[in-house]
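Have a look at the structure below before the remarks.
The values are calculated or read from the model by the stated rules, or taken from the named source; none is laboratory data. From a predicted model like this one, the values you see are computed outputs, not experimental measurements. Reconstructed Cβ throughout: ideal geometry from the backbone, glycine too, with neighbour counts over all protein chains shown.
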């Protein structure tokens, strides 16, 4: 034993705060006592308060210990969960006064603990989801486990309960290999040691002085008893999972722990709680099996879908691992067991990092609230806190990154362990993808879940919506239906992108492509008109004809919505290009035939790199069904990224019966009530300059501010005729075309400032460097030579 | 009637030195297989300078250097001639031992002795003494006391740190400035560039010749190589280069016709240690007379002068001087440094590269640095399983017997190893 | 075979490099004019703001991809991110960091400015070793900005102007379009405070880029996040810079000529793979090494370009004497 040792830089025991936390026996004992008392109190509380209002017991057990604290500490600091475990702490003293017999061989089986966890806990959980989550259930479960633990501690020595019986014994031992800490010893001190105090002090009868050589901490639970027995024990920072990068004695139960835990938690959850909450849940094989077997077996209170999701997950996971490793072993020409248990350690990160992600997410959504309020309840006062995050918060998804980190980490570990094999390089490269079979399976399951949700969508409270346009009309269903005023013929009708009845403008004014990714983009527009008071009104009934000219210049009829309320038109936009929607109406009144056209033009572009701008297709076209139309003339250098800006010219062409018409009136009126009227020239073109009238405060400036305007054209032709047995003397044509423009870049981009900033920096930095180089003060004079040729 | 003339001391010294030089030259020329014809220039040169005391550099300023660390490129650029003053004459050694402690390095004693006798065929105008080994550093003051102008150049004793690099760079710059003032010449970019290229070319020729010794049938013996490199101390560089070109050409032909300067079973030796300077080529000659051949050496009178070459990135004067300084410090494997891992690696690399059978490590009695390094070099050689022989010697001719025995025994053991395979 | 090897080892690396850099410069900057499109995963700063670019710098599409909402990014969009990334890796793996030394347009511009500096007779400066050790970490901070800023947008905690935060501050965005006559990037964007600060930083860095090239040999490369990204994967590349420590005399010639001032090339005699995170694989060190086979560039474990005594002498013009009439 040594009383003093010079500790290395990476020794945690030498650090100011952490050193105390991990080494000081007084502090550790107090901590362990406190945890034990908390445990017992929560247990007792669970028996005495069995109702649902007992959030304390559930908070202590399911909110903190299992699994937030456990999964957080395992891959980071290591097995400190076991270090402060109440069972272990109290058990150590029980064993001291116990019988200290050697555990019989048939009990010295680590699979007892693993199966207790996988089947005894998780299997039961999937069959009876609510069994263990109630306060009484929790209390009973842990009381039983504590009783078993105490009996085993009393009977047998060397803390055998932890090693073999405890459900999470092997699990924590296995996953702690990913941690960045390592308990070891200073070789210089151990070389001369003859008394081995560290081994004597160890309650688990381990030999800390062998950990470094064996590259394994075996069953060490970081109880830190050895470090108080001798100063030569070190607790160092190491690269995460570094022990997996070199050889060590493998433990088969650990590899199976990885696989079975991955199956029973990650995969089953992906199946049952993941896909099972989508609209495709019923098509999955476990649901189908459950449905099928329901006819033959009465499952009673057991949830068959959960059960079979569990069973299938186990089967698939084990198969994925075994088959992949089998093929890998054949390629490597090595024994299957060697390969399987050697390379299987690469599966370590898969479950644990994913579960950290889940635990964090749950903590922010519910856990914090649960723990805070539960503790308050348990200690007799009330507390009401708000959860730290809400479902749907975008940033919560950052934890999904951990799954990807897990996959990459697993591949790195596999790569390093394959490198250790004594086989030719080619074989190793060939075997690698097969050995990574479970990692690939895990990746595939994750992507599959994402795919399912993307394609089928989330099930909403039992009613699955069929893939279609999402309506944001929930609000409007509650509102009173507006009474519809019929438009006069002199009223201007145009299309609006915003639902006129929607009160909040937050949904409108944006790109409502509708539908999720992968589905065809759609657009919904509402024909509206303004009444005498200037209020926008929608149409309750549509008598006009609707036509759609699509990006490929095909015309077809468009249909109006069938719901009661404001009528809207929805059309699909499968290709990149301009989509034109025409509303054509005609009626005779006062001897005049009114032909009204309202047009809506939309440029659909999916930002694909392979889109080709075909000038002919992208040109402005009209259809013969629209007799009078306004066309926005395309400029020569337009691309898919075209937008209108204030200060730029806008050329419009008015056509009558598909030919340019001279002398038509065209008016451009903006949302800010500015308007200008021009007459078209002999080419039918009128040129407007878009005004600039967006002058907000600087902090409110939005460079994508849409200044909406409406182009309306009219033309009167003196010609008589008959339409539907009504006579008319003249025809009054009118057309509308809504659009918007953005503020000009000149409004917020300054070249003068930019250039001057760059030049100024160049001058200043050049000057500074020059002065520095010429003036470097030194105690001696720097000798310099002239650069003479 | 015969005229009796009493020799002046100077004449006697010259005669003794001429005798020493002549006897060594005889051995070199005639005790071995036919040397390359181009070597005749060098034999002739030594005769002219050492026996006939001919002055070679009458028209240029002469800068004497006490160590190879003085950058010769700068001296050439200032239109002067660097003359390495390290002396190999026993005659001068005896003179110098009156002025220095008895246990001193014979090379330093010989150098001081020459100064004491003030007998130079090419007398240096200024002497540059870098603070390399203790004895050289202290002898500078003694020489100055004799009335010569000695310039101390500050040399660091470590070379790993940044500080030592910057220190040496400043030292070289100061030296350049002071020398150009002394010689009243301005350093121009063109002259410096040319001198770097010329010295580089000389080094390049040496490399071309040295590479030929890697062959199993080396075309040239070590004793000739030592002679050639020693000549660089004092010869006109242009003449040296011309002669070297001829020598290289001839040796290349020899390699083509597979002429072996030694015999097939001759053990190949790497020679390292205190520099053998003409005429103190005692040990190399003994080695090669014992039917071994020196294929490579790691000494400052031969290989180290030519091994490291200067690389310049941007040909500005200030950058060129910095590059020159770097070359003289960084590549140096002299034992005056605190750590010698570079030297050990170099010797092992030479053994492997030249397929040598053994190493002979020779230290002058009194050369503290070489003697102290002997242990670690021996250990390194043993670890690399390379046979090594350690010898101590000085300039006196009396030791030959004991040395011969030891060398011959070593060579025999190497031959046996070679025979066994 | 030996003749080919000798020819390569004695080559004048500067001329070869000049022509190769010119070729890649034209290919990347003007490629659009020749209807060349090498994709969006190019591992050099071939800036996408140049409309005629022949292949876009990977960081621009990467930032756009990472800026998607996180739930999309980590499920449906992850495939496109992976594909883009794997394409980038496949490009990178061929030449390792020689992309930096021979292909990057920004690097080429710095080398041209260096040539101008040499003509003007201005000497270069060096960092002291402590300065070097501290400043080299900046490239990792830049890489963190490239990855984290768009993810912040995806998380909803940063506004949309942060989407391509690195592109806003990268000098390439301002300088590269100049070569096709586009000065539109030389403006300060006052639309929001963030945009203003980012574009100002961009112009400051451009100014520093230009001045820095007159002070150090490859000033900007020291802070380049693409270099940091390369280094993470450089172990897997085909082209490697190797050193044989036994042959090294620690003469420091390689350190002297190194554009990036990497000390390890000279001092480390134990490692074989001597490519460090700053290295641009310009091979000047191999060209300046006077020992045979001490430094060599390997492709797939075959020696491609090796340091040789003869090659060194030729490049330093020490292999023949210019005869003067004396």
Segment B:124-165, subset assigned to a helix (DSSP H, G or I) and under 21 Å from residue B:331 (Cβ atoms), residue nearest to the other protein chains (Cβ to nearest Cβ): B:162
When only residues in segment C:196-222 that are surrounded by fewer than 21 Cβ atoms within 10 Å (Cβ to Cβ) and under 18 Å from residue A:746 (Cα atoms) count, which is nearest to the chain's Cα centre (by Cα)? C:200
Which condition breaks for residue B:82 when tested against (1) under 24 Å from residue B:52 (Cβ atoms); (2) in a loop (DSSP other than H, G, I, E, B); (3) within 18 Å of the chain's Cα centre (by Cα)? (2)
Counting just the residues of segment C:54-80 that are more than 9 Å from every other protein chain (Cβ to nearest Cβ) and more than 18 Å from residue C:162 (Cβ to Cβ), which one comes out surrounded by the most Cβ atoms within 10 Å (Cβ to Cβ)? C:57
Please work out which residue is farthest from residue A:581 (Cα to Cα), limiting yourself to segment A:641-670 and to residues that are touching a helix residue (DSSP H, G or I) at 6+ places or on another chain (Cβ under 8 Å) and assigned to a loop (DSSP other than H, G, I, E, B). A:647
Would you pick out the residues in segment B:171-191 that are facing another protein chain (nearest Cβ under 10 Å) and over 24 Å from the mean Cα position of the chain (by Cα)? B:173, B:174, B:177, B:178, B:180, B:186, B:187, B:188, B:189, B:190, B:191
Got a sec? Which of B:220, B:196 is closer than 24 Å to residue B:295 by Cβ and either away from chain C (no Cβ under 14 Å) or surrounded by 22 or more Cβ atoms within 10 Å (Cβ to Cβ) (or both)? B:220
Checking A:598, A:686 in turn, the sole residue that is outside any loop (DSSP other than H, G, I, E, B), at pLDDT below 90 and under 18 Å from residue A:710 (Cβ atoms) turns out to be A:598
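Of these, C:298, C:259, C:268, C:244, which one is within 21 Å of residue C:11 (Cβ to Cβ) and over 22 Å from the mean Cα position of the chain (by Cα)?
Details: C:298 fails: over 22 Å from the mean Cα position of the chain (by Cα); C:259 fails: over 22 Å from the mean Cα position of the chain (by Cα); C:268 fails: within 21 Å of residue C:11 (Cβ to Cβ).
When all the criteria are applied, what remains is C:244.
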Selection count where residues are within 14 Å of chain C (Cβ to nearest Cβ) and farther than 29 Å from residue B:194 by Cβ, scope segment B:281-316: 2
Limited to segment B:323-332, what total is found for residues that are farther than 19 Å from residue B:343 by Cα and either within 8 Å of chain C (Cβ to nearest Cβ) or without any contact (Cβ under 8 Å) to a residue 12 or more places away in the chain (or both)? 1
Taking residue B:168 as meeting all but one of (1) surrounded by fewer than 20 Cβ atoms within 10 Å (Cβ to Cβ); (2) within 14 Å of chain A (Cβ to nearest Cβ), write down the number of the exception. (1)
Tell me yes or no: at least one residue of segment B:236-255 is more than 14 Å from chain C (Cβ to nearest Cβ), closer than 20 Å to residue B:57 by Cα and outside any helix (DSSP H, G or I). no
Which pairs have Cβ atoms under 9 Å, sit 6 or more apart or on different chains, and link a residue in segment A:685-701 that is away from chain C (no Cβ under 14 Å) to one that is loosely packed, with under 13 Cβ neighbours inside 10 Å and outside any loop (DSSP other than H, G, I, E, B)? A:686/A:679; A:687/A:649; A:688/A:649; A:689/A:649; A:690/A:649
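Got at least one residue in segment A:3-17 being in contact with a helix residue (DSSP H, G or I) (Cβ under 6 Å, 6 or more places away or on another chain) and over 23 Å from residue A:196 (Cα atoms)?
Taking segment A:3-17 as the starting set, the residues that turn out to be in contact with a helix residue (DSSP H, G or I) (Cβ under 6 Å, 6 or more places away or on another chain) are A:5, A:7, A:12-13.
Next cut, over 23 Å from residue A:196 (Cα atoms) only: none.
No - not one qualifying residue is present in segment A:3-17.
Of the residues A:775, A:784, only one is touching a helix residue (DSSP H, G or I) at 6+ places or on another chain (Cβ under 8 Å) and more than 8 Å from chain C (Cβ to nearest Cβ); which? Even if it seems obvious, please write down each step before you answer.
Details: A:775 fails: touching a helix residue (DSSP H, G or I) at 6+ places or on another chain (Cβ under 8 Å).
From the options A:775, A:784, the qualifying one is A:784.
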Quick check: is even one residue across segment B:365-383 within 11 Å of another protein chain (Cβ to nearest Cβ), surrounded by fewer than 23 Cβ atoms within 10 Å (Cβ to Cβ) and farther than 29 Å from residue B:137 by Cβ? no
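Residues C:150, C:105: which one is within 17 Å of residue C:198 (Cα to Cα) and touching a helix residue (DSSP H, G or I) at 6+ places or on another chain (Cβ under 6 Å)? I'd like the intermediate steps shown before the answer.
Details: C:105 fails: within 17 Å of residue C:198 (Cα to Cα).
Among C:150, C:105, only C:150 is within 17 Å of residue C:198 (Cα to Cα) and touching a helix residue (DSSP H, G or I) at 6+ places or on another chain (Cβ under 6 Å).
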Output the number of the condition that residue C:207 fails; it satisfies all remaining conditions of (1) over 24 Å from residue C:127 (Cα atoms); (2) facing chain A (nearest Cβ under 7 Å); (3) in a helix (DSSP H, G or I). (1)
Can you tell me which residue in segment A:306-330 is nearest to residue A:445 (Cα to Cα), limited to those that are more than 33 Å from the chain's Cα centre (by Cα) and crowded, with 19+ Cβ neighbours inside 10 Å? A:328
Index of the failed condition, residue B:9 passing every other in (1) loosely packed, with under 15 Cβ neighbours inside 10 Å; (2) more than 21 Å from residue B:123 (Cα to Cα): (2)
Tell me, which residue of segment A:203-226 that is over 43 Å from the mean Cα position of the chain (by Cα) and closer than 14 Å to residue A:25 by Cβ is surrounded by the most Cβ atoms within 10 Å (Cβ to Cβ)? A:226
Given the conditions (1) part of a strand (DSSP E or B); (2) at pLDDT below 90, report the number of the one that residue A:638 does not fulfil. (1)
Could you count how many residues in segment C:173-204 are more than 19 Å from residue C:60 (Cα to Cα), more than 10 Å from chain A (Cβ to nearest Cβ) and not in a helix (DSSP H, G or I)? 1
Yes or no: segment C:292-301 includes at least one residue that is within 10 Å of chain B (Cβ to nearest Cβ), in contact (Cβ under 8 Å) with a residue 60 or more places away in the chain and either under 17 Å from residue C:255 (Cβ atoms) or not in a loop (DSSP other than H, G, I, E, B) (or both). no
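Against the definition (at pLDDT below 90, within 22 Å of residue B:362 (Cα to Cα) and either touching a strand residue (DSSP E or B) at 6+ places or on another chain (Cβ under 9 Å) or away from chain C (no Cβ under 14 Å) (or both)), how does residue B:278 come out, yes or no?
yes
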Top-ranked residue of segment C:151-172 - restricted to ones that are over 23 Å from the mean Cα position of the chain (by Cα) and more than 12 Å from every other protein chain (Cβ to nearest Cβ), ranked as farthest from residue C:65 (Cα to Cα): C:162
Could you grab me the full set of residues in segment C:232-254 that are free of Cβ contacts under 8 Å to residues at least 24 places away in the same chain, part of a helix (DSSP H, G or I) and within 12 Å of chain B (Cβ to nearest Cβ)? C:246
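Please verify whether segment A:668-682 includes one or more residues that are surrounded by 13 or more Cβ atoms within 10 Å (Cβ to Cβ) and within 14 Å of chain C (Cβ to nearest Cβ). Even if it seems obvious, please write down each step before you answer.
Within segment A:668-682, the subset surrounded by 13 or more Cβ atoms within 10 Å (Cβ to Cβ) is A:668-670, A:676-678, A:680-681.
In the following step, the residues that additionally are within 14 Å of chain C (Cβ to nearest Cβ) were identified as none.
No, because not a single residue in segment A:668-682 is surrounded by 13 or more Cβ atoms within 10 Å (Cβ to Cβ) and within 14 Å of chain C (Cβ to nearest Cβ).
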